[in-house]
Amino acid sequence: MTAPETCSPSPVARRAIPAHAREGWWTAPDGARIRRIDWPAPRLAPRGSILFMPGRADAYEKWLEALDQWHGQGWAVTAADWRGQALSGRFGYDEATGHVDDFSVWINDLTAFWGDWCKDGPGPHILVAHSMGGHLALRAVAEGRLRPDALVLLAPMLGFLPQHVPSGVLHAVARILSGLGDPRRSAWKMSERPELAPKARSAILTHDESRYDDEQWWRKMRPGIAMGAASWGWIERALASIRRLEAAGVLESVRVPVLLLGTTADRLVSWRAIRRTAARLPQSELVTFGSECRHEILREADPVRDRAFEAIRSFLDRVAPRPDA
């Protein structure tokens, strides 16, 4: 077995767009401009193509280390904003609150982007997605909107906390609260002591303080990528979308190899929901972390990252080998 690849670049390396990557824009069918970043495939023996989609309130800048690591393994790599996040606009009535009228907006964008993207890069074509992105990627595949050669889901948003409360109950409560005012309003207030916010977020996202600081650095350099709380409308729509995946027969119809990575210590998404989903998918593998890992698995300390990257590489070598292998 190949030894795990360790990759621990300095913060300086993680805080610059790699010279071989290019930033640009994709135009959606309705004319919306969505930001993207691309690492072209190596000219000799390309491994294939990876599309990475981030989570809620996310931006691809914070994932540069992981994306460049895949490129170093021979993959052509692309990442993009979700419409209404980072530098691809906003749906709410302020710049801080994350809102969407319905998750189908993002499913439509992903479907169209995928179709264009697959034409430009070598196969196999792999979809990797984190948190909310993982939910959207799985839903798009489950609904037959796209069919990657393999799907990798990192701490996918397949359920919320508290884990013991059924999503139907949570959804009913969210519908009531969303309907009490403008659904675009923030679902929670930001701290009255801003200096405490980074420490609190770090305790939820990663044990690695240096990697957490990378995100704060990028937010200072590119203030437009920052986003805060979700809206009540986003929460209600998220739960509605989660319930679509929970419906009988939906996940069982997926005919794509799926690797799920999750942690029992996750304080943002439901680990139990990830485990249930893995059990329902016909071709799934589940990699489980514990207290050593928080929500952002590929931005964790090196022992966690190394294990995660090795699991992904092994999975892709088995289910989506290079055509000439």
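May I ask you to give the percent of accessible area on the chain that is carbon plus sulfur, with a probe radius of 1.4 Å?
Heavy-atom surface of the chain belonging to carbon and sulfur, 1.4 Å probe: 55 percent.
Given H placed 1.01 Å from N in the peptide plane, which residues other than close sequence neighbours of Trp25 have an amide H under 5 Å from its amide H?
Arg36
Given R₀ = 35 Å, what would the calculated FRET efficiency be for Leu161 paired with Leu44, taking r from the Cβ atoms and rounding to 0.05?
0.15
Could you give the length gained by full extension between Glu143 and Arg322, i.e. 0.36 nm per residue of separation minus their alpha carbon distance, to one decimal place?
Computed gain between Glu143 and Arg322 is 61.8 nm.
With Cβ to Cβ distances under 12 Å as the rule, what net charge do the other residues near Leu146 carry (K, R +1; D, E -1)?
Computed value for this residue: -1.
Taking the Cα of Arg15, stepping 7 Å toward and past its beta carbon, and measuring to each backbone N in the range 44-81: which are under 16 Å?
61-65
Within 10 Å, at most 12 other Cβ atoms, and a DSSP state outside H, G, I, E, B define an exposed site. Report the longest part of the chain free of exposed chymotrypsin sites (Phe, Trp or Tyr not before Pro).
189-325
When only C-alpha pairs under 8 Å and at least 6 residues apart count, what is the relative contact order of the range 72-160, in percent?
23
Helix-only mean residue ellipticity at 222 nm, the chain, DSSP H runs n ≥ 4 weighted -39,500 (n - 2.57), per residue, nearest 500. What is it?
After summing the helix terms and dividing by residue count, I get -11000 deg cm²/dmol.
Mean Kyte-Doolittle of at least 0.5 and a Cα length of 20 Å or more along the axis: which whole DSSP H helices of the chain meet both?
Span-like helices, by this rule, are absent here.
Select from the range 1-91 those trypsin sites (Lys or Arg not before Pro) which occupy a DSSP coil region and have at most 15 other Cβ atoms within 10 Å, ordered by residue number.
In loop regions of the range 1-91 (DSSP not H, G, I, E or B), the sparsely surrounded trypsin sites (Lys or Arg not before Pro) are Arg43.
Determine the per residue accessible area of the chain with all protein chains present and a 1.4 angstrom probe, expressed in square angstrom.
Result: 43 Å² of accessible area for each residue.
In nm, to one decimal, how far is the Ala226 label point from the Cys118 one, both placed 7 Å along Cα→Cβ?
3.9
Would you mind counting up the charge near Arg219? Only other residues with Cβ under 13 Å from its Cβ, with Lys and Arg at +1 and Asp and Glu at -1.
Summing Lys/Arg as +1 and Asp/Glu as -1 gives -1.
How would the range 241-325 be classified by its alpha-carbon gyration tensor: rounded, prolate or oblate, with rounded meaning a/c under 1.5 and the a/b versus b/c comparison settling the rest?
oblate
Please give me, ordered by residue number, the trypsin sites (Lys or Arg not before Pro) of the range 264-321 that lie in loop per DSSP and have at most 15 other Cβ atoms within 10 Å.
Those satisfying the criteria are Arg267.
Say each of Arg276 and Ala248 gets a label point 7 Å from the Cα, pointing the same way as Cα to Cβ; how far apart are those two points in nm?
Here the answer is 1.5 nm between the modelled labels.
Would you work out if the chain is rounded, prolate or oblate? Take a ≥ b ≥ c from the square roots of the eigenvalues of the alpha-carbon gyration tensor; rounded if a/c is under 1.5, else prolate when a/b is larger than b/c, oblate otherwise.
Rounded is the answer for the chain, as its axis ratio a/c remains below 1.5.
Per-residue HN-Hα couplings for the range 47-53, Karplus 6.51 cos²θ - 1.76 cosθ + 1.60 at θ = phi - 60°, whole Hz, x for Gly and Pro?
So the Karplus estimates, Gly and Pro as x, are 6, x, 10, 10, 10, 10, 10 Hz.
Tell me the net charge near Thr288. Cut-off is 15 Å between Cβ atoms, Thr288 excluded, with +1 for each Lys or Arg and -1 for each Asp or Glu.
Taking every Cβ under 15 Å from that of Thr288, the sum is 0.
Roughly what would the spin-label model give for Ser104 and Leu87, points 7 Å off Cα along C-beta, in nm?
3.2
For Lys189, which aspartates and glutamates qualify as cross-link partners when the Cα separation must be under 17 Å and same-chain residues fewer than eight apart are set aside?
Asp94, Glu95
The values are calculated or read from the model by the stated rules, or taken from the named source; none is laboratory data. Please read these numbers as outputs of a predicted model, since none were measured by experiment. Methodologically, a virtual Cβ is constructed for each residue, glycine included, from the backbone with ideal geometry; neighbour enumeration extends over all protein chains shown. Surface areas here come from the heavy atoms of the whole protein model, side chains and all, with no ligands, DNA or RNA. Shrake-Rupley method; radii C 1.70, N 1.55, O 1.52, S 1.80 Å.
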